[in-house]
Amino acid sequence: MLTTPRSYPKSWVEWTAIVIAAIIVLTAVFGGLLAPHDPLVIDFRAKLLPPSGTHWMGTDGAGRDVLSRLLTGAQLTLLSTLSVIAVVLVIGCTIGIFSAFVGGWVDNLLMRLADIWLGFPPLILALGFAAAMGASLQAAIWALVFSWWPTYARLSRMITKDILSAKYIAAADTLGVPAWRKVVLYVLPNAFDVLIIQVTLDIAAVMLAISGLSFIGVGAQIPTPEWGAMIADGRDYVRNGWWIVIFPGLAIFFTALSFNIIGDMLRRELDPTSQRRA
Amino acid sequence: MTYILQRIAFSLLSLFVLVLISFLLSHIVPGDPAYVAAGPNAGAEKIAEIRAEMGLDKPVATQFFIYLGDVLRGDFGTSWFTHQPILQDIAQELPPSLELVLVAMVINLVVSLPVGLLTARFNGSRFDDLVRLVSIAGAGLPIFWTAILLQQKVAADWKLFPVAGRLSFEHRRFEGQTGFTLLDSLMQGRLDVFFDALAHLMLPAFALALLFTAVGVRITRTSMISEFKKDYVTLARAKGASEGRVMFRHVFPNGATPALTVFGMQFGWMLGTTVLVEEIFGRPGIGRYAVKAVTQSDIHGVVAVVFVVGLFFLVANLVVDLLLYAINPRKHLEG
Amino acid sequence: MAEQPVIELLELTKSFSSGAFVQNRSFALGPVSITVNSGEVVGILGESGSGKSTVANVIMRLTGFDEGSYHFRGADVRAFTKADSFAFKSKVQIIFQDPYGSLNPRATVGASIREALILHKRHLSRAQMDARVRELLAEVGLGSEDPGRYPHEFSGGQRQRIAIARALAVEPEVLVCDEPLSSLDVSIQAQVLELFKSLIEHRNLTMVFISHDLNVSRLLCDRVYVMHKGKVVEKGIAQEVLTNPQHDYTRQLLEAVY
Amino acid sequence: MMTAPAPEMTTETDPAMTPLLDLSDVTIALRQNDRKMVTGVSLSVMPREVFGIVGESGSGKTLFTRTVFGLHEDTYLAGGTVRFNGRALPLNGYRRAIKKMLGKEIGYIPQDPYSSLNPSMRVGRQLTEALYLSKGYPMRSQKAQDAAVALLAEVGIPEPELAFRQYPDQFSGGMRQRIVIAIALSQDPELMIADEPTTALDAFTQRRIMDLILERSRTRGLAVLLISHNLELLRQSVDRLGVLYGGQLLNVAATADIGAREIHPYTQALFDCVPGRDKRLADIASIPGEPVGAGFGTTGCAFAGRCAFAQDICRSAPLVTNTDRGTGFSACVLGKGARHG
């Protein structure tokens, strides 16, 4: 019933994931500075060069250095992912906690709405939204916010309800603890673990969605070194320039994989009630 | 009975929200909705015509009811790039997509249910660790990237499956009543066409199924683990039941129920995810239609796809829930 | 007795909306009349579903009621102002059954107890509060190191002591105990029972002791009410009711329990 | 209430008899890290005897029972011998060997009747399955059905034919526990294990279910191993009582001896904690300190830290070994509560 943080020995897989995630985060912070070439400069004389000493990951169809684009793109990809999650976290939790506190028909209505919303495939919803807004990375970000908020509303509402039904809240009620104090001292600290797990797992999911949207052309537009857009760009050259497609794909894969492993690890260590409620 | 009515009421409410979302997407867009709806090359006349048609001069509530009426009649407008009623386009594009999703779903279920059950039984073993790692890896693969790689390696290089399309060149004239090639070919006794269609489906279905199977295995596993912990499993073992009997007669029927709800939801999600797969494999379908509509800035086409996918999602969930209710009515009364 | 009762429930009823919205698995109550006089230990006995926990919640004002009246020291609680309600909260405190769920797992034990002081003993300085926290913990038999530790570092019995310390922090007039011993092992149960005994002796506490355990109630309570299906079926001096019951239900219950 | 003409209670069984279940020096360890959770337990359950095991939470009583009867996956039998009807079970492959006896010689009643029946299987089918597994009756045969209905009637289910076709969630907790008992009885075991069978039930149902278990086992001549934390329930129900503390078996006492003669200090202290029917508040004496959990690898007596009589020797000397067959024993090094001495 109770959170008792326990430290489990981490496996080598988990250590690897932590190291990769750390490298990716560092790349996102310093990516542009590390890039050996300008990620946007077109040089048709150097197009479709295979990986070599000067271009570790080769060049693309317009002669741009793939490694430089990958490093610069890390920032773009991770930043857009994190902004989606940050916004959804705030909006979703506000709605969820509010809903749980108010209860009654407001709660019912909001959660029904979230249920319905949550059901719709996020990709297609975001696609519609992005199409309506006009294709751009910013549109893709808002589109994902638009389709992702119910996850957090639902989750935070569920945790808050759980916490509110705990006896320590009843004890707080008998002392007359005001609502804002309950949110800050009781709900948020106890919800933190579950939320951080969800955030970690969603980093992978949101990143995949953003790159997917960019791939079909409603996200980042082609010269932008966003990873999904880079794959879309490389499709035409896949027979004679595999590296253009392979490397951004691997970048997405390893980022998603390492964050998923970390999320899984956090779930094991932090969430003792994996089977909350039958 | 009340459960069925409640469930249907919920579906109707969801449908209403779906219409609302579609309305928001097509009418409340930034800039001039009529301008966006008309497409890039439309003249002023055309825009004015569309403005009148969409009722954009009227109050928002009225616009919504006009839209609601249109949608209920199946009128999504005319696509400016196919010059056909969008409903007709969708009706054409839907069967190949559904075919793809169904095959992917079969792959998903055939893998998820047994693997989920076995990993739950051997929870914490090497085998479980390996499956968990593989499923986490599967969940991290960008579908479109996997699809490209599969196409290039398995189809183009190894020539195990056709590279693209829905049928081979020699079968291009094949036609059937339902539009579902697999079904039509069987009905006409054309096994050659059937296997050809199936071969064309394998790679896209696999690419589509991968992510969902990764999730499916984990959902099934979690659900089965919680069943294995229950006392009725202990009692069954104490009765002298073999592990096989415990697993298949006792745990599986109970653990599959919550998992099936998730698979029902996955059906709709898969249909939405066809946008990432169909175009790569050059298959007709609503996914490719949506991508085309997006690139051609045909907002009504996109919204129609959103609506149809949402609709299928609602129906799939309704069917699964009613099915589960029919199998075991009592389970729903408690929760 | 001329003295005014501390708690007086008169012909009180409470019904629950059927089905989906019942949260605490409570049951329809009443009409019940229960009085608690100053300095008394009053037991409310019954099986699960008898409505005894609902009585606890009504007394604590955690839930409302439909008909009848509830007077606290002669004042109608329905006429309470906001200030009255807040003051009430420092006069009546509760100890719950589950010592694992009744402490905020993310707050130190000291912080949990200090919470009561922050709200109701505002005039105390921070140092005074800390000193008071240590005093309270010492009174329930815990050490001076303990305020900085988290609930999960304690056993069930120790947590129940902490919950008692928190309840006592506001210097309540009435302490409601909702099955405070049921989830503890016998040897720990006896320890907490002894703690209650000493609290009753040393503090002039009025106690409402809600329990299904007839034997514990007979030992601890002055008077008892036996509840069944939301109604009081028998009341009287604890020793008499629980050795020589008059009502069939009480008699059967007494025969059934081990 | 069920009150059958009870045969005379035997507090002391014939020591010459072969014990039905005979454990000697049984040690149980965790599979994960080989930590010893239960050490050196020796006890015997005689035919037709009702034997109780008591322990506070963490004492290892559930772990012990579930491991000995092959129902725990994370533990194994690390040492000692288990004999059933005089036949020793192998230590290697113990779990496989004991599992073969489940549903035949050994029946089991789990704690929580709300989860111990398969929710999606009709009651009748759960019974006929048990009959099929133990006696080979085909599950859909008339024979199996008749036997199942008769069993439901035997455990006091009203309208057994109707109950046969119903799902478990159509029954109250007490009725479900009756069904579980019917399942256990259907297999004609010689030993029935009841693991906290009434903990989840209210006082009335608790009494009725205990009466049913005792009355049925007496009539059918079964031995019962009753695990509980409720001392009064055990004192009133069992012939002999094994007391577990910190993974050690400290005492086996005939219930008739409790309060009549000296027993192990821990058992005595436990009974002094119970607010019994004729006690006054002053009679309650608590045990100081916190219980020691199983698996902490204490040397000497696990109770030494809380025992009023403890001396230095208690913390170092190995416990007295149980060599009795069907009588009593005290593990106390100081000889407290020993039957002969």
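Nothing in this text is a laboratory measurement; each read-out follows from the coordinates by a stated rule. Just so we're clear, the structure is a prediction, and the values are computed from it rather than from any experiment. Reconstructed Cβ throughout: ideal geometry from the backbone, glycine too, with neighbour counts over all protein chains shown.
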>> Just to check your reading of the model, which residue among B:V36, B:V17 is surrounded by 15 or more Cβ atoms within 10 Å (Cβ to Cβ), within 11 Å of another protein chain (Cβ to nearest Cβ) and free of Cβ contacts under 8 Å to residues at least 60 places away in the same chain?
In response: B:V17
> Of all residues in segment D:242-257 being more than 14 Å from every other protein chain (Cβ to nearest Cβ) and of a type outside the set (G, A, S), which is nearest to D:S44 (Cα to Cα)?
Replying inline: D:V252
> Does segment D:134-186 hold any residues that are farther than 25 Å from D:L214 by Cβ and of a type in the set (A, V, I, L, M), and which are they?
Replying inline: D:M139, D:A144, D:L162
>> I need a count of the residues in segment C:113-142 that are of a type in the set (D, E, K, R), within 12 Å of another protein chain (Cβ to nearest Cβ) and assigned to a helix (DSSP H, G or I).
In response: 2
> Out of segment B:178-190, which residues are outside any helix (DSSP H, G or I) and either closer than 17 Å to B:G285 by Cα or touching a residue at least 40 places away in the same chain (Cβ under 8 Å) (or both)?
Replying inline: B:T178, B:G179, B:F180
>> Looking at the structure I just gave you, is A:A135 buried (at least 17 other Cβ atoms within 10 Å of the Cβ), outside any helix (DSSP H, G or I) and within 14 Å of chain B (Cβ to nearest Cβ)?
In response: yes
> So which pairs qualify, if the first residue must be in segment A:37-55 and on the phi > 0 side of the Ramachandran plot, the second must be surrounded by 13 or more Cβ atoms within 10 Å (Cβ to Cβ) and part of a loop (DSSP other than H, G, I, E, B), the Cβ gap must be under 9 Å, and the two must be at least 6 apart or on different chains?
Replying inline: A:L48/A:G58; A:L48/A:D60; A:L48/A:G61; A:L48/A:G63; A:L48/A:G241
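Tell me, which strands (runs of 3 or more DSSP E) lie completely within segment C:192-245 with 2 or more residues that are away from chain D (no Cβ under 14 Å) and over 15 Å from the mean Cα position of the chain (by Cα)?
C:231-237
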>> Looking at the structure I just gave you, is B:T261 in contact (Cβ under 8 Å) with a residue 24 or more places away in the chain, within 30 Å of D:G70 (Cα to Cα) and hydroxyl-bearing (S, T, Y)?
In response: no
>> If the requirement is being without any contact (Cβ under 8 Å) to a residue 24 or more places away in the chain and assigned to a helix (DSSP H, G or I), which of these qualifies: A:G128, A:G73, A:G92?
In response: A:G128
> Which members of segment B:284-315 meet the condition of being under 28 Å from B:F169 (Cβ atoms), more than 9 Å from chain A (Cβ to nearest Cβ) and surrounded by fewer than 24 Cβ atoms within 10 Å (Cβ to Cβ)?
Replying inline: B:P284, B:R288, B:K292, B:Q296
> Looking at segment B:129-147, is at least one residue touching a residue at least 12 places away in the same chain (Cβ under 8 Å) and among the charged types (D, E, K, R)?
Replying inline: yes
> Is it true that some residue in segment B:260-276 is farther than 30 Å from B:I21 by Cβ, surrounded by fewer than 17 Cβ atoms within 10 Å (Cβ to Cβ) and of a type outside the set (A, V, I, L, M)?
Replying inline: no
> Could you give every pair whose Cβ atoms fall below 6 Å, whose first residue belongs to segment A:174-202 and is without any contact (Cβ under 8 Å) to a residue 12 or more places away in the chain, and whose second residue is part of a helix (DSSP H, G or I) and among the small types (G, A, S), counting only separations of at least 6 or pairs across chains?
Replying inline: A:L175/C:A116
> Regarding B:M270, is this residue at the interface with chain A (Cβ under 10 Å from one of its Cβ atoms) and closer than 30 Å to B:Q152 by Cβ?
Replying inline: yes
> Tally time: how many residues in segment C:195-208 are crowded, with 23+ Cβ neighbours inside 10 Å and within 13 Å of D:L281 (Cβ to Cβ)?
Replying inline: 1
>> Looking at A:A220, A:A209, can you tell me which residue is surrounded by 24 or more Cβ atoms within 10 Å (Cβ to Cβ), more than 8 Å from chain B (Cβ to nearest Cβ), among the small types (G, A, S) and in a helix (DSSP H, G or I)?
In response: A:A209
> Just a yes or no: is a residue in segment C:104-112 at the interface with chain A (Cβ under 7 Å from one of its Cβ atoms), part of a loop (DSSP other than H, G, I, E, B) and more than 28 Å from C:V208 (Cβ to Cβ)?
Replying inline: yes
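Do you know which residues across segment C:72-88 are touching a residue at least 12 places away in the same chain (Cβ under 8 Å) and either in a helix (DSSP H, G or I) or under 17 Å from the mean Cα position of the chain (by Cα) (or both)? Please lay out each step first, then the result.
Taking segment C:72-88 and keeping what is touching a residue at least 12 places away in the same chain (Cβ under 8 Å), we get C:72-74, C:77, C:85, C:88.
The answer is C:F72, C:V77, C:S85, C:F88.
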>> Condition check: part of a loop (DSSP other than H, G, I, E, B), within 12 Å of chain D (Cβ to nearest Cβ) and among the polar types (S, T, N, Q). Does C:S187 satisfy that?
In response: no
> Picking from D:R280, D:R325, which residue would you name as being in contact with a helix residue (DSSP H, G or I) (Cβ under 8 Å, 6 or more places away or on another chain) and among the charged types (D, E, K, R)?
Replying inline: D:R280
> Restricted to segment B:78-94, and to residues that are surrounded by fewer than 21 Cβ atoms within 10 Å (Cβ to Cβ) and of a type outside the set (A, V, I, L, M, F, W, C), which residue is nearest to B:W269 (Cα to Cα)?
Replying inline: B:Q92
>> Please go through segment B:160-198 and give me each residue that is among the hydroxyl-bearing types (S, T, Y) and surrounded by 13 or more Cβ atoms within 10 Å (Cβ to Cβ), ordered by number.
In response: B:S168, B:T181, B:S185
> If we scan segment C:89-103, do we find a residue that is in a helix (DSSP H, G or I), touching a helix residue (DSSP H, G or I) at 6+ places or on another chain (Cβ under 7 Å) and within 12 Å of chain A (Cβ to nearest Cβ)?
Replying inline: yes
>> Checking A:P50 against (1) touching a Pro at 6+ places or on another chain (Cβ under 9 Å); (2) within 15 Å of A:G241 (Cβ to Cβ): exactly one of these is not met. Which one?
In response: (1)
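Take residues that are away from every other protein chain (no Cβ under 11 Å) and tell me which of the strands (runs of 3 or more DSSP E) falling wholly in segment D:54-136 contain 1 or more.
So the answer is D:75-84, D:87-89.
Matching residues to (1) among the small types (G, A, S); (2) surrounded by fewer than 23 Cβ atoms within 10 Å (Cβ to Cβ); (3) more than 12 Å from every other protein chain (Cβ to nearest Cβ):
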| residue | (1), (2), (3) |
| --- | --- |
| A:T94 | no, yes, yes |
| A:F101 | no, yes, yes |
| A:W105 | no, yes, no |
| A:L118 | no, yes, no |
| A:G128 | yes, no, no |
| A:A140 | yes, no, no |
| A:A143 | yes, no, no |
| A:P150 | no, no, no |
> D:D272 is checked against (1) crowded, with 19+ Cβ neighbours inside 10 Å; (2) within 11 Å of chain C (Cβ to nearest Cβ) and fails just one. What number does that condition carry?
Replying inline: (1)
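Quick test for you: out of C:D98, C:D66, pick the one residue that is touching a residue at least 60 places away in the same chain (Cβ under 8 Å) and among the acidic types (D, E).
Answer to the selection: C:D98.
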